Amino acid sequence: MKQPSNFNLRAYGLLLVEDKLLVMEESFLGEPIYKFPGGGVEFGEGPKDTVVREMEEELGLKVCEADHFYTTENFVQSAFKKEDQLISIYYKVKVSNLPDLNFNPEDKGDWKEVALHWMDLNEIGPEDLSLPVDRKVVEMLKS
């Protein structure tokens, strides 16, 4: 196996409201992906800064609190760029402009369509998320 040549640092926000967990659905290469809001850490920012920026850019939500929840501890190869090793950091977040549970942002650009789903923490399972680390995080949230 070819060794990864790049590290891809990602940060995600976990927003829980009344036992409902916010999950994004976006289209990637024509396929729906169910994941947590977040994205890549940019040069000059820390992971917590990334969560704040991404939640505002993608969803218009203003994060007022972000507490570390989980960081990947094992090797994870990117499903999209095989030469990348992923390091994912998750934060439980609170927002100052909390939407109701019917909240859904408008399409955020030509490259993806975004829909939001509030999934009941008591009913969601790892199989409801598309990315392996997100699946582990669901298991952790439920335990």
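Below are the figures for this structure:
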item: Most mobile of 83, 31, 56 in a GNM of the chain (Cα contacts under 10 Å); result: 31
item: Estimated [θ] at 222 nm from DSSP helical runs (n ≥ 4, -39500 (n - 2.57)) normalised by residues in the chain, nearest 500; result: -5000 deg cm²/dmol
item: Using alpha-carbon coordinates, inclination of helix 47-59 to the longest axis of the chain, degrees; result: 60 degrees
item: Angle in degrees between helix 132-142 and the longest Cα principal axis of the chain, rounded to the nearest 10; result: 40 degrees
item: Relative contact order of the stretch 6-142, pairs being alpha-carbon contacts under 8 Å that are 6 or more residues apart, as %; result: 32 percent
item: Sorted by Cβ neighbour density within 10 Å, fewest at the top, the residues 20, 81; result: 81, 20
item: Gaussian network model of the chain, Cα within-10 Å springs - most flexible of 74, 122, 97; result: 74
item: Chymotrypsin sites (Phe, Trp or Tyr not before Pro) restricted to the stretch 40-85 and DSSP loop, no more than 12 other C-beta within 10 Å; result: 43, 75, 80
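Read the figures in this text as sums done on the coordinates, not as results from a lab. Remember, predicted model here, so these are calculated numbers, not experimental data. FYI the Cβ positions are ideal-geometry reconstructions off the backbone, even for glycines, and counts take in every protein chain you see.
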